[in-house]
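Just below is one structure, and these are the notes that go with it.
The values are calculated or read from the model by the stated rules, or taken from the named source; none is laboratory data. These numbers were taken from a predicted model, which means no experiment stands behind them. Positions of Cβ are backbone-derived with ideal geometry, glycine not excepted, and every protein chain shown enters the neighbour counts.
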Amino acid sequence: MPSVRAVAKPELDPRVRDSAFLKTLRGEEAPHTPVWFMRQAGRYMPEYRALRAGKSMLDCIRTPELAAEITLQPIGAMPLDAAILFNDILTPLPTMGLDLDFVGGVGPLIGNPIQTPADVDRLGVPATGETMPYTAESIRLLVPELNARGIPLIGFVGAPFTLASYAIEGKGSRNYERTKRFMYAEPAAWERLMGKFEALLADYLTEQVKAGASAVQIFDSWVGALSVYDYRTFVKPATGRLIERVKALGVPVIYFGTGATHLMPDMSELGSDVMGADWRTPLDQAWGLIQPGQRIQGNLDPLLLQAPWRELKFQTDRILREAGGRPGHVFNVGHGLLPETPQTMVHRLTDYVHEQTRR
Ligand code: CP3
């Protein structure tokens, strides 16, 4: 009987399989420290702003040719070691019955956020291959282009907690008050909500891997708002089952949170291949908080890309020193690139990390 792995995962192009990025994710020695940036396709690029003009975020995501073109913009402009699909962690929410819109200058807004247990029970868990066919289609367009350049493609989803926080708050939030109130007051409905996200996200990542994503990242951007106790009680079980199911697909899994240093020991126990680290904790300390042998991704403060080069260079040297030449470091920002970032700095930093780490 074929294993899950054999069914789901297409054969990797050897140029991609042997890339610095995938070698590092597997913990192997690579020719240099690989570099990519969260939000590397985005508003800091004039090319992106030009293409987005007059088109909505969701239209771009839902049009495979556009999503593929945006994904390739930073790859064409800079020697990055990985591409990340142009999409958003919130794209699945409308397929479950939540009215999502991206409002310029405001961010994502949901017209009918979850307020009661009955709202949770009304949420659908449709087959993502049917409700979001454009995602796999975008990946299928990208894979030949990226194979030719030896660049792996990262697929991604939001983690159950981070998606629940948008589904309940209806927008970004500072303190997640509604989310926590719901979690504490309605633990059974919260558990059902986590279970629905787990099922949908496992299916969605399976679709992405089947289409050719060669690594995946799970964004738990806002999980740092939780205490260790609440993470263990309300979030860890469903997130752990999700990571376990995704690992069975046979591609490396990166699990990322921000402001979550206190949670790193627990998050890393869920067994992802790589842990994302934000900038708040020195990389070597963060490395000490995760499982032995686990790899790490990070952790430059994205604001440093708006600092003078001497400061950016100094702090990049510091991070590389903290990495200490160990295999298993993927260079990245500790959170997404900001719209005000000069593209020249992103390019210069990519070159610099490559030069400094060439082995
Ligand atoms: O280049 C890439 O990293 C791939 C594409 C990507 C986007 N969003 C495109 C995007 C990825 C991986 C995301 C993930 C995402 N989306 C996260 C997790 C990472 C993180 O930043 O913590 C979150 C929390 C979201 C939700 C989201 N999407 C917010 C809060 C916003 C508005 C804030 C903003 O920057 O405007 C978005 C919109 C969004 N998603 C943009 C992009 C390029 C900007 C909107 C635009 O271009 O008009």
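Annotations
- Residue in region 312-329 that is within 14 Å of the ligand (Cβ to nearest atom) and touching a residue at least 60 places away in the same chain (Cβ under 8 Å) present: no
Rundown of residues vs (1) at pLDDT below 95; (2) in a helix (DSSP H, G or I); (3) of a type outside the set (S, T, N, Q), yes/no style:
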| position | (1), (2), (3) |
| --- | --- |
| P108 | no, no, yes |
| I114 | no, no, yes |
| A118 | no, yes, yes |
| P126 | no, no, yes |
| E137 | no, yes, yes |
| P144 | no, yes, yes |
| N147 | no, yes, no |
| I151 | no, no, yes |
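- The lone criterion from (1) of a type outside the set (D, E, K, R); (2) surrounded by fewer than 24 Cβ atoms within 10 Å (Cβ to Cβ); (3) under 16 Å from the mean Cα position of the chain (by Cα); (4) not in a helix (DSSP H, G or I) left unmet by V157 is number (2).
- Residue under evaluation G293, criteria (1) at positive phi; (2) within 15 Å of the ligand (Cβ to nearest atom); (3) in a loop (DSSP other than H, G, I, E, B), criterion not met: (2)
- D88 part of a strand (DSSP E or B), within 16 Å of the ligand (Cβ to nearest atom) and either more than 21 Å from the chain's Cα centre (by Cα) or within 27 Å of G224 (Cα to Cα) (or both): no
- Considering region 61-85, the residues that are β-branched (V, I, T), assigned to a helix (DSSP H, G or I) and within 27 Å of D18 (Cα to Cα) include one that is farthest from the ligand (Cβ to nearest atom), namely I75.
- Number of the exception - E186 against (1) touching a Pro at 6+ places or on another chain (Cβ under 6 Å); (2) within 21 Å of D273 (Cα to Cα); (3) more than 16 Å from the ligand (Cβ to nearest atom): (2)
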